[in-house]
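One structure is given here, and the rest of the page talks about it.
The values are calculated or read from the model by the stated rules, or taken from the named source; none is laboratory data. Computed from a predicted structure; not experimentally measured. Cβ placement follows ideal geometry from the backbone for every residue including glycine, while neighbour counts extend to all protein chains displayed. Just the protein is used for accessible areas: all its heavy atoms, side chains included, with ligands, DNA and RNA removed. Shrake-Rupley method; radii C 1.70, N 1.55, O 1.52, S 1.80 Å.
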Amino acid sequence: MSQSYGLTVGRPAWLDAITGRSASLPALWRDKAKTETRLFSQAHAEPDGYDIMVDTGRTMQRLSVNGYTFGRVLAANEHLLRAVRANPKSLLIQMSCSPASGPASRESARALHEAGLHLDVYAANETVEWTARHAYLKTYTNLGVNIPAVDAERIVGPHWEVHEAPRGPAEK
């Protein structure tokens, strides 16, 4: 059995996938999101690494890389760099399946931090699901994690992990 939960239009909309009853849990980054900009990365992942698409000039090829390499790729991404420069107090939410259930997310966060991007990195231990919806010309996104449950009432285990950026004494 699993439960699916997500964040809808800025408020929790956690629902049990079987019963449809509310099983609300706040997003792990909820408190920080009040003062920090949320940035998102998306790539297929497993505990040991990520899949990225590489333009060979003729086709797009899928390439599996370890977490550290993925972090280096993110750190070199002009769009992420521009977003971080515009919003120095940002956090990064990896919309990737289960990189935190192994070394992948920890390694990617280390690469980002070594490159000078001092972002707290949030990564899931489970399968991540997200969908964009357009309702009454307002666009919103549902972000959720499929998680195992003992029964339809009770959720077990931590499902997100945070890799905090190194901070100086004035930032703590």
Task: Test result for residue 153, open to solvent by 50 Å² or more (accessible area, probe 1.4 Å), assigned to a loop (DSSP other than H, G, I, E, B) and modelled with pLDDT under 95 - done: yes
Task: Selected residue (only one of 123, 109 is modelled with pLDDT under 95, crowded, with 21+ Cβ neighbours inside 10 Å, within 21 Å of residue 166 (Cα to Cα) and of a type in the set (Gly, Ala, Ser)) - done: 123
Task: Residues within segment 45-76 that are open to solvent by 60 Å² or more (accessible area, probe 1.4 Å), within 27 Å of residue 167 (Cβ to Cβ) and not β-branched (Val, Ile, Thr), tallied - done: 3
- [ ] Sort through 128, 145 and tell me the only one that's touching an Asp or Glu at 6+ places or on another chain (Cβ under 8 Å), in a strand (DSSP E or B), modelled with pLDDT under 90 and among the hydrophobic types (A, V, I, L, M, F, W, C).
- [x] 145
Task: Residue, modelled with the lowest pLDDT, within segment 11-32, restricted to residues that are out of contact with any Phe, Trp or Tyr (no Cβ under 8 Å at 6 or more places or on another chain) and loosely packed, with under 15 Cβ neighbours inside 10 Å - done: 11
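Let's see how each residue does on (1) touching a residue at least 12 places away in the same chain (Cβ under 8 Å); (2) among the β-branched types (Val, Ile, Thr):
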position	(1), (2)
50	yes, no
54	no, yes
62	no, no
73	yes, yes
89	yes, no
95	yes, no
98	yes, no
110	yes, no
